[in-house]
Amino acid sequence: MPEHEAGGSLGTPAHEVRDFLLRRREQIAQRWADEPLFRTVFTTSRDEAVEAGKAVVDALAQVADAQQVEDPDAAGFSAVREQLARMGAARSRAGLSNTQVSSELAALWPPAENLLVAESDQASPEELRAWSTTLSMLLGTLRLVAMQTALSETQSLIDRQRLQLMEVATPVIKLWDGIVAVPLIGTMDSARSQVVMETLLNAVVDQHARFAILDITGVPTVDSLVAQHLMKTVAAARLMGAECVVSGVRPAIAQTIVHLGLDLGTVKTRASLADALGHCLHELGTNIVNAAPDGAGRR
């Protein structure tokens, strides 16, 4: 294989592959532009796909130069991680599974290998085998980097959607001037409890609320962890100048709290949201009375 004068150390398979990648950068990128991974992602123009291919070739050459062909954390991959993430996301949106995306990445190997073999006719079988193996490992590591990046992006998306879902599932309702309520539905965990606390405290400030009702009618079970979260939320609301009332304490939940030996003595509780609202209105000096039925009280 001809030597690339711009390179550093020569002679090792990794550096020979580096020189090959730099020499054949344009040809490799042109061939990759016709592969499904590039062709179906970069649809504006073929030149866009070629430029993306060149960026990947440059990254591979940098990794080979550092002789880190089997290291997915090699610095050379940093420049193309974002691009690989976009490509993987685009193929996933098109309906491809991770396995199919991995197969499309694997399809980048034959075009590069064919060029390597074509220009290495003067090399010995041992040299060609070493170069081909190194190139294979390098592209295999690229596949690993791409899949790791895709999985990381997917997890980040899931985390963002989960947070958005928790925020949507934790509405704050203004029941009366100075009274807000948060109906809780589903299982409570630390992350969701934090969202509940932040949402409630923001509502207390925005609505100038004197009372905040936490309705746990939709919470299936109350254990020591849930009770601890409730206590922290009540304490935080008090620091903001609002009295917190927990409603929806069903018989089963009351028994569970007793059996667990949980002390909610400092927390005002009511059996239903209506009872809690009545308590808050009474504390505000407002009394609600039932309207008399038609004809009642008439003489």
Hits in region 192-214 - residues which are crowded, with 22+ Cβ neighbours inside 10 Å and in contact (Cβ under 8 Å) with a residue 60 or more places away in the chain: PHE211, ILE213
Scan region 164-178 and give yes if some residue there is part of a helix (DSSP H, G or I), surrounded by fewer than 19 Cβ atoms within 10 Å (Cβ to Cβ) and at pLDDT 90 or above, otherwise no. no
Considering only region 230-237, I want to know if a residue exists there that is assigned to a loop (DSSP other than H, G, I, E, B), modelled with pLDDT of 90 or more, hydrophobic (A, V, I, L, M, F, W, C) and more than 15 Å from ARG270 (Cβ to Cβ). no
Region 35-63: number of residues that are without any contact (Cβ under 8 Å) to a residue 12 or more places away in the chain, surrounded by fewer than 18 Cβ atoms within 10 Å (Cβ to Cβ) and in a loop (DSSP other than H, G, I, E, B): 3
Would you confirm whether or not region 7-19 contains a residue that is assigned to a loop (DSSP other than H, G, I, E, B) and modelled with pLDDT of 95 or more? no
All but one of (1) outside the structural domain of ALA212 (by TED's automatic domain parsing); (2) surrounded by 17 or more Cβ atoms within 10 Å (Cβ to Cβ) hold for ILE257; state the number of the condition that does not hold. (1)
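Residue by residue, here is whether (1) touching a helix residue (DSSP H, G or I) at 6+ places or on another chain (Cβ under 7 Å); (2) of a type in the set (D, E, K, R); (3) under 21 Å from GLN148 (Cα atoms) holds:
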{"site": "SER45", "(1), (2), (3)": "no, no, no"}
{"site": "VAL57", "(1), (2), (3)": "yes, no, yes"}
{"site": "ALA64", "(1), (2), (3)": "yes, no, yes"}
{"site": "ARG81", "(1), (2), (3)": "yes, yes, yes"}
{"site": "ALA106", "(1), (2), (3)": "yes, no, yes"}
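The values are calculated or read from the model by the stated rules, or taken from the named source; none is laboratory data. Fair warning: this is a prediction, and the values are worked out from it, not measured in the lab. Note: ideal-geometry Cβ built from the backbone for every residue, glycine included; neighbour counts use all protein chains shown.
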